[in-house]
Amino acid sequence: MNEIVYAGKHSVTYTVSRHEHNSWELIYCTSGRGEFIINHERIPYEKGDVVVIPPKLPHTNYGEEGFTNIHLNMTDTTLPFKKPVVIKDDANGFIYNAFNAAFFHFYGDPSVKQILLSAYGDLIVSYLVAYRKGPTRSRVVEEIENNIIQNYPDGRYELDEYLRSFPFSYDYLRKLFKKELGVTPHQYLSDKRLQAAADRLSSPYSDGLNIAEIAHMCGFREPLYFSRMFKKKYGVSPSYYMEKKSQEVVVEDADSVKIMLSEEEPGEMENAEA
């Protein structure tokens, strides 16, 4: 399944003459821009785009300013597309990393080549399917979300400072982020930290860590503030949650977690229901 049968790269190129393949062709544009001409249809693309072309479709690739790319040919794929599609990579460049690794291993150590190419073939196809179907977000919101995910464990992380580094007004970014994700950037940051703390509190690998240490690992500088925020979100104290970590936790939505407890923490669950 999803077998990579060829991997190649184009240095700065302006025209690739009309050709076709018996396999799927996946082209990741690493710089520049251009357009494919397929059945008299022009399909534009730019850096960070993946163009997916089904088998036996004659096509020409042209770019006035030039382009570079990594291209893969795959057989026996699980790709669901019936016609050529263009799929954008995310701000982290996850698809690019997978393409680059697949290219490296195609020409790398023969003893591990097949197993690694199989894994990267499946990964690339999964990315393409997920990113094609996934909800569209503006580039700036995607960048803010990724920056929060990368930095939330750091208690010194200054989200306001990061937001003000954009060439947009602070209020505009805040409203745009909330429109697309349903919460403000600060609420998103808080939720990430609290979810990470809940995961650590319920993890067997956290044995020996106290509440203050877990709070610090998840980006909270003040243990008392962390405990207050945790109670507000989950309805119980971090210490009680930790004691009951073997009980089932069911996530209902992004803003609430229902904790299935065999016993209620005195005074806490009653307040949570109020």
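The residues on offer are 228, 174, 200, 193, and the sole one that is more than 28 Å from residue 142 (Cβ to Cβ) and assigned to a helix (DSSP H, G or I) is 228.
Checking the condition among the hydroxyl-bearing types (Ser, Thr, Tyr), open to solvent by 30 Å² or more (accessible area, probe 1.4 Å) and touching a Gly at 6+ places or on another chain (Cβ under 7 Å), which residue from 6, 45, 14 passes? Spell out how you get there, then give the answer.
Values: 6 fails: touching a Gly at 6+ places or on another chain (Cβ under 7 Å); 45 fails: open to solvent by 30 Å² or more (accessible area, probe 1.4 Å).
Exactly one of 6, 45, 14 is among the hydroxyl-bearing types (Ser, Thr, Tyr), open to solvent by 30 Å² or more (accessible area, probe 1.4 Å) and touching a Gly at 6+ places or on another chain (Cβ under 7 Å), namely 14.
Based on what the data block shows, is residue 21 in a loop (DSSP other than H, G, I, E, B) and open to solvent by 30 Å² or more (accessible area, probe 1.4 Å)?
On the way: in a loop (DSSP other than H, G, I, E, B): yes; open to solvent by 30 Å² or more (accessible area, probe 1.4 Å): yes.
Taking the combined requirement at face value, the residue satisfies it.
All of (1) closer than 28 Å to residue 138 by Cα; (2) exposed (fewer than 15 other Cβ atoms within 10 Å of the Cβ) hold for residue 91 with one exception: (2).
Check whether at least one residue in the range 104-112 is open to solvent by less than 60 Å² (accessible area, probe 1.4 Å), part of a helix (DSSP H, G or I) and either in contact with an Asp or Glu (Cβ under 9 Å, 6 or more places away or on another chain) or within 30 Å of residue 236 (Cβ to Cβ) (or both), and report yes or no.
Checked against the condition, which is being open to solvent by less than 60 Å² (accessible area, probe 1.4 Å), part of a helix (DSSP H, G or I) and either in contact with an Asp or Glu (Cβ under 9 Å, 6 or more places away or on another chain) or within 30 Å of residue 236 (Cβ to Cβ) (or both), the range 104-112 yields no hits at all.
Looking at the structure I just gave you, is residue 81 open to solvent by less than 50 Å² (accessible area, probe 1.4 Å), without any contact (Cβ under 8 Å) to a residue 60 or more places away in the chain and assigned to a strand (DSSP E or B)?
On the way: open to solvent by less than 50 Å² (accessible area, probe 1.4 Å): yes; without any contact (Cβ under 8 Å) to a residue 60 or more places away in the chain: yes; assigned to a strand (DSSP E or B): no.
Answer is no for this residue.
Of all residues in the range 27-46, those satisfying the criterion of being assigned to a strand (DSSP E or B) and more than 10 Å from residue 69 (Cβ to Cβ) are 33, 35, 36, 37, 38, 41, 42, 43, 44, 46.
The conditions of being out of contact with any Ser or Thr (no Cβ under 9 Å at 6 or more places or on another chain), among the small types (Gly, Ala, Ser), at positive phi and touching a residue at least 40 places away in the same chain (Cβ under 8 Å) are met by residue 93.
Any chance the range 53-60 includes a residue that's β-branched (Val, Ile, Thr) and in contact with a Phe, Trp or Tyr (Cβ under 9 Å, 6 or more places away or on another chain)? Scanning the range 53-60, I find at least one residue that is β-branched (Val, Ile, Thr) and in contact with a Phe, Trp or Tyr (Cβ under 9 Å, 6 or more places away or on another chain), so the answer is yes.
Scanning the range 85-103 for residues that are farther than 14 Å from residue 6 by Cα, out of contact with any Asp or Glu (no Cβ under 6 Å at 6 or more places or on another chain) and among the aromatic types (Phe, Trp, Tyr) yields one hit, 94.
Within the range 113-123, the set of residues being more than 22 Å from residue 149 (Cα to Cα) and either surrounded by fewer than 16 Cβ atoms within 10 Å (Cβ to Cβ) or not small (Gly, Ala, Ser) (or both) comprises 113, 114, 115, 116, 117, 118, 119, 120, 122. Does the range 50-71 contain at least one residue that is surrounded by 17 or more Cβ atoms within 10 Å (Cβ to Cβ), at pLDDT 95 or above, in contact with a strand residue (DSSP E or B) (Cβ under 9 Å, 6 or more places away or on another chain) and hydroxyl-bearing (Ser, Thr, Tyr)? No, the range 50-71 contains no residue that is surrounded by 17 or more Cβ atoms within 10 Å (Cβ to Cβ), at pLDDT 95 or above, in contact with a strand residue (DSSP E or B) (Cβ under 9 Å, 6 or more places away or on another chain) and hydroxyl-bearing (Ser, Thr, Tyr).
Would you point out the residue of the range 53-78, among those that are assigned to a loop (DSSP other than H, G, I, E, B) and touching a residue at least 60 places away in the same chain (Cβ under 8 Å), that is nearest to residue 27 (Cα to Cα)?
First, pick out the residues of the range 53-78 that are assigned to a loop (DSSP other than H, G, I, E, B): 54-58, 76-78.
With touching a residue at least 60 places away in the same chain (Cβ under 8 Å) added as a condition, the list becomes 76-78.
Numbers: 76: 17, 77: 15, 78: 17 Å.
If we take residues in the range 53-78 being assigned to a loop (DSSP other than H, G, I, E, B) and touching a residue at least 60 places away in the same chain (Cβ under 8 Å), then 77 is nearest to residue 27 (Cα to Cα).
The values are calculated or read from the model by the stated rules, or taken from the named source; none is laboratory data. Please read all numbers here as calculations on a predicted model, not as lab measurements. Note that each Cβ is placed from the backbone with ideal geometry, even for glycine, and that neighbours are counted across all protein chains shown. Quick note on the areas: whole protein, heavy atoms, side chains included, nothing else; ligands and nucleic acids left out. Shrake-Rupley method; radii C 1.70, N 1.55, O 1.52, S 1.80 Å.
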